[in-house]
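Working notes for the structure below.
The values are calculated or read from the model by the stated rules, or taken from the named source; none is laboratory data. All values derive from a computational prediction rather than experimental measurement. Quick reminder, even Gly has a Cβ in these numbers, built from the backbone with ideal geometry, and neighbours come from all protein chains shown. Note: accessible area is taken over every heavy atom of the protein model, side chains too, but ligands, DNA and RNA are not part of it. Shrake-Rupley method; radii C 1.70, N 1.55, O 1.52, S 1.80 Å.
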Amino acid sequence: MSGSPPPPGGFVRRVGLFQATAINMSQMCGIGPFVTIPLMVAAFGGPQAVVGFVAGAVLALCDGLVWAELGASMPGSGGSYVYLRQAFRYRTGRLMPFLFVWTAMLFIPLIMSTGVVGFVQYLGYLAPDLGRTSGDLIGLGVIALVVLLLWRGIEHIARITAVMWVVMIASVLLVIVAAATHFSPHLAFTYPAHAFDLTSEHFWPGFAAGLTIGIYDYLGYNTTAYMGAEIKAPGRVLPRSIVYSILGIMAIYLLLQIGTLGVVDWHRMTDPHDIASTSVASAVLEETWGGGAADTVTVLILITAFASVFAGLLGGSRVPYDAARDRVFFRPYERLHPRHRFPTLGLATMGVITAVGFLIGRHTDLATLIQLLTTVMVLVQALAQIVALTVLRRRRPEMNRPYRMWLYPLPSIVAFAGWCVIYGYADRNSPGRHPIEWSLAWLALGCVAFAVWARRERVWPFGARETGEESEEYEALELT
């Protein structure tokens, strides 16, 4: 099957459960925990930072169940675009799906850019004399290489991703095992005074900052939902790949976080002049197995960072394709490569924005970049998609749902509350950066782009007739 030529006109369903889970986990883990453990410790002010990873896991699991039901029911390329289009087409017409694609074209590459920032940080462990300009050029080269590797058929990409997933698991497990051999409970479980004082004025802002970092580390559990048109038996594979990847990464993160805190004094992680603040995993290996082992694992972490960027751009580049094909976004984005059947302009655009985001992160700080990307995605994707699930359950109860959310609507309520906490504390946790204002400005610019697009397409942009025409396309998909 993998050797047969792709059929003309569309994507090919060639990604199975293992590959789908590997794609999600590669994007979720990547460089994230290796660069955010010090950020989490700084947010909480001590080893109680593990609370942030637990909170992020709960939010990811609850939000992941939203993705699981919607993805199994409507497994098209584009993820949230498909769900928002179906849920809101009778009220806002094309506006909501257009704005989702508009925001996704920003926040997905920003997520990828954090991986490249982390790549250069860890490269600095192997090359301590690496200058800022050299680091910038290397990061841009990494992005160019990722785009070049993605410029091929999905069957080749799935194999590459599976190999990189094995490397990612190996790098994480080596750090966990190394930490276990020299683990100190005193370091890991000795907390500052009033660490869990819920009435303290510092606890809740720190919790919100930690939740933001935590959910950032779990982002990627929805990558295969963006590739729904390329997943085998999506009604079964999509929900399982989402749930399996979240549970697997949850266990890995907790072991990694606790193990690291049991080897490296948390005060070192807050010192910008200490290697533990930028390359904490390398510091763990250096403390336990020596410099040679630290160098080896650092190389594996670099490969892991590369794999996360690779998987993220793989899924994200599919987002504008479906919208353009359905005349809900600019038409050039519907073009597929004539031989390998992937969206060329979507991949190229996100590659460029990833490069810009990387340079922003390099010349500000990683925490600011994380706060900005999570704030941008909250309104149009996270919150609107949770509402979309409820709207579709009420408006279209007859829709084929191979998977239905467990304990509905409790996970939706928990996810909605968690995203509201992240958005509400965004400006307070990034003083002087104003991420809320930037997110609203980007939405306003998206509305202007929407008006321009509607004029060019000569279509009425709001509302739709209540017919089943748009739904039939998704009812006909292979769901089992």
Based on DSSP loop calls and a cut-off of at most 14 other Cβ atoms within 10 Å, the longest stretch of the chain free of exposed GluC sites (Glu not before Pro) is what? 1-200
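How big is the dipole moment of the chain about its Cα centre under a simple scheme where the beta carbon of each Lys and Arg is +1, that of each Asp and Glu is -1, and everything else is neutral? Debye, nearest 20, please.
Numbers: 33 positive and 30 negative charges, 378 e Å.
So the dipole magnitude of the chain works out to roughly 1820 debye.
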Nitroxide proxy distance, nm - points 7 Å out along Cα→Cβ at TYR408 and VAL54: 3.0
Putting +1 on Lys and Arg Cβ atoms and -1 on Asp and Glu Cβ atoms, find which of HIS363, VAL297, HIS273 reaches farthest to the positive end of the dipole of region 265-385. HIS363
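Between HIS186 and VAL352, what is 0.36 nm times their sequence separation minus the Cα-Cα distance? Round to one decimal in nm.
Numbers: separation 166, 0.36 × 166 = 59.76 nm, distance 4.63 nm.
Extending this stretch completely gives an extra 55.1 nm.
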With a ≥ b ≥ c taken as the square roots of the eigenvalues of the C-alpha gyration tensor of region 179-257, please select rounded if a/c is under 1.5 and otherwise prolate if a/b is larger than b/c or oblate if it is not? oblate
Roughly how many percent of the accessible protein surface of the chain is carbon and sulfur, given a 1.4 Å probe and a whole-percent answer? 65
Mean-position separation - Cα centroids, region 287-313 and region 172-222, in angstrom: 21
Ranked highest first by the average count of other Cβ atoms within 10 Å around their residues, in what order do 372-378, 323-329, 383-389, 142-148 fall? 372-378, 323-329, 383-389, 142-148
Tell me the label only: which of (1) 86, 55, 46; (2) 63, 58, 42; (3) 64, 53, 40 is Cα extents along the principal axes in Å as calculated from this structure? (3)
So what is the accessible area of the chain per residue, in Å², with the probe set to 1.4 Å? 38
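Go ahead and run the numbers for FRET between HIS273 and TRP151, Cβ-Cβ distance against an R0 of 41 Å, rounding to 0.05.
Values: r = 41 Å, r/R0 = 1.00.
Taking R0 as 41 Å, the efficiency between HIS273 and TRP151 is 0.50.
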Using 7 Å Cα-to-Cβ label points, what is the ALA444/THR364 separation (nm, one decimal)? 1.7
Determine the dipole magnitude for region 285-334: charges of +1 sit on the beta-carbon of Lys and Arg, -1 on that of Asp and Glu, nothing else is charged, the reference point is the Cα centre, and the result goes in debye to the nearest 20. 480
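As an exercise, use a Förster radius of 45 Å and the Cβ-Cβ distance of ALA127 and ARG456 to find the FRET efficiency, rounded to the nearest 0.05.
For R0 = 45 Å, the calculated efficiency reads 0.40.
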Among LEU238, VAL172, GLY210, the residue whose Cα sits farthest towards the positive end of the charge dipole of the chain (+1 at Cβ of Lys and Arg, -1 at Cβ of Asp and Glu, taken about the Cα centre) is LEU238
Rounded, prolate or oblate, given the Cα gyration tensor of region 159-312, with a/c below 1.5 counting as rounded? oblate
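By its C-alpha gyration tensor, with a ≥ b ≥ c as the square roots of the eigenvalues, how is region 341-456 shaped: rounded for a/c under 1.5, else prolate for a/b larger than b/c, else oblate? Mind showing how you got there, number by number?
Values: a/c = 1.92, a/b = 1.33, b/c = 1.44.
Note, shape of region 341-456 comes out oblate.
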Can you tell me the order of 234-246, 272-284 when each peptide is scored by its average per-residue count of other Cβ atoms within 10 angstrom, highest first? 234-246, 272-284
Report the one residue of THR190, VAL35, THR114 whose Cα lies farthest in the direction of the positive end of the charge dipole of the chain (charges on C-beta: Lys and Arg +1, Asp and Glu -1; origin at the Cα centre). THR114
